1. Round to the nearest 0.05 the FRET efficiency obtained for SER4 and GLU279 when R0 = 30 Å and r is the Cβ-Cβ distance.
2. Please tell me the relative contact order of the chain in percent, rounded to the nearest whole number, where contacts are Cα pairs under 8 Å and at least six residues apart.
3. Which listed residue (SER232, ILE7, LEU212) has the Cα farthest towards the positive end of the charge dipole for the chain, taking +1 on Lys and Arg C-beta and -1 on Asp and Glu C-beta about the Cα centre?
4. Treat each spin label as a single point 7 Å out from the Cα along the C-beta direction, and report the GLU120 to SER156 distance in nm.
5. Dividing the alpha-carbon Rg of the chain by 2.2 N^0.38 Å yields what?
6. With 26 Å as the limit, write out which pairs from LYS49/LYS207; LYS68/LYS208; LYS132/LYS207; LYS68/LYS122 have Cα-Cα distances beyond it, or answer none.
7. What are the ³J(HN,Hα) values, in whole Hz, obtained from phi via the Karplus relation 6.51 cos²θ - 1.76 cosθ + 1.60 with θ = phi - 60°, for each residue of segment 88-98 in sequence order, with x given for Gly and Pro?
8. What is the percent carbon and sulfur in the accessible area of the chain, measuring with a 1.4 Å probe over the protein chains and ignoring ligands?
Amino acid sequence: MSESLRILSVGAHPADIFDQSGGTMAHHAARGDYVGCVVLTHGARVHDKVISDEMHHASEVPPADELKSLMAERSDVKAEEARKACNLLGVEDVYFFGADDAVLLVTDEAVRRLARLFRELKPDIILTHFPKEGDGLTNAHAIAGQIVLHAMALASGVYPGDRNPPLSAAQVFFFGPGAAAIPRNVWQSEGGYYNDVFIDITDVVDKKLACLDCLVSQGYGGVYARKRIETSDGAFGMSGGVAYAEGFISLNAETHYYLPVTERAMINARASDHERIEETSYRVPVD
């Protein structure tokens with residue numbers, strides 16, 4: 001498209017927006033598109049090195065007031081890490097809703113707050129979690145995707161007290177299931193959903209790696225960041241015919257005037273087996 005786009009990535013936890021769409025966000029930010037991020041929970045309860053790791057091995061957890069203070073402190077740490085990672089991508093706007101990540105639910109408050117933000121920011125494209133991830137019932141990622149869908153429905157109409165006009169996004173891309181994932185429970189036997197869009201992030205994989213390295217409290221920095229990119233983005237890339245990619249599931253079918261064939265599809269079709277192997281063989285440099 002010739003016109004610039006407005007893109008909003010909505011994650012359940014601080015790390016989600018980066019490990020699922022960091023490369024895609026980097027591309028669009030570099031092109032001059034607006035890119036913003038929303039983090040629904042503080043992530044301190046289940047995704048923090050101090051609270052979820054050290055407390056797990058402690059003889060007892062601190063008293064309630066002390067624990068709440070520690071969680072608030074760790075929430076601030078995680079938020080600062082997310083801001084630093086966003087800056088590496090050229091993304092300035094990141095909104096923290098601060099919900100407790102103990103039990104994320106589709107609530108009236110969360111839906112209305114996100115709908116107001118949608119009307120304010122007017123995204124053309126929304127990136128978020130697949131609403132049937134895991135069991136689709138208790139999985140925080142799935143609930144986040146469901147909150148987004150409810151908020152989109154609410155944002156498409158007027159709301160008393162909100163002077164912003166209704167908003168209808170042009171497309172939603174759900175974070176695709178990990179390309180290297182192996183079905184290992186009853187919930188993953190359902191569906192038939194598949195990644196239908198791959199974004200080649202080979203040229204910005206170093207930026208994505210730097211983002212994950214920022215997420216120290218998450219345990220993502222260093223070795224894990226490289227493992228995560230090789231096993232997931234590397235597998236997405238193999239599926240898409242490039243070294244590294246991010247996978248997505250489109251919410252809606254799209255209408256075109258001509259049959260859509262991407263430049264990447266044409267390149268792959270004209271390449272030999274060995275040329276394709278060579279292109280997908282690039283690996284993230286290890287420090």
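The values are calculated or read from the model by the stated rules, or taken from the named source; none is laboratory data. None of these values were measured; they are calculated from a predicted model. In this analysis, Cβ positions are derived from the backbone assuming ideal geometry, glycine residues included, and neighbour counts consider all displayed protein chains. Surface accessibility is based on the protein's heavy atoms, side chains included, excluding ligands, DNA and RNA. Shrake-Rupley method; radii C 1.70, N 1.55, O 1.52, S 1.80 Å.
1. Working: r = 30 Å, r/R0 = 0.98.
Rounded to the nearest 0.05, the efficiency is 0.50.
2. Values: 476 pairs, mean separation 59.7, N = 287.
It comes to 21 percent, rounded to a whole number.
3. ILE7
4. Label at GLU120, label at SER156, 2.3 nm between them.
5. Numbers: Rg = 19.5 Å, N = 287, 2.2 N^0.38 = 18.9 Å.
Relative to the rule-of-thumb radius for its length, the chain sits at 1.03.
6. From LYS49/LYS207; LYS68/LYS208; LYS132/LYS207; LYS68/LYS122, over 26 Å: LYS68/LYS208; LYS132/LYS207; LYS68/LYS122.
7. In residue order, the calculated couplings are 5, 8, x, 9, 9, 8, 9, 10, 9, 7, x Hz.
8. Working: 8360 of 15450 Å².
Carbon plus sulfur share of accessible area: 54 percent.
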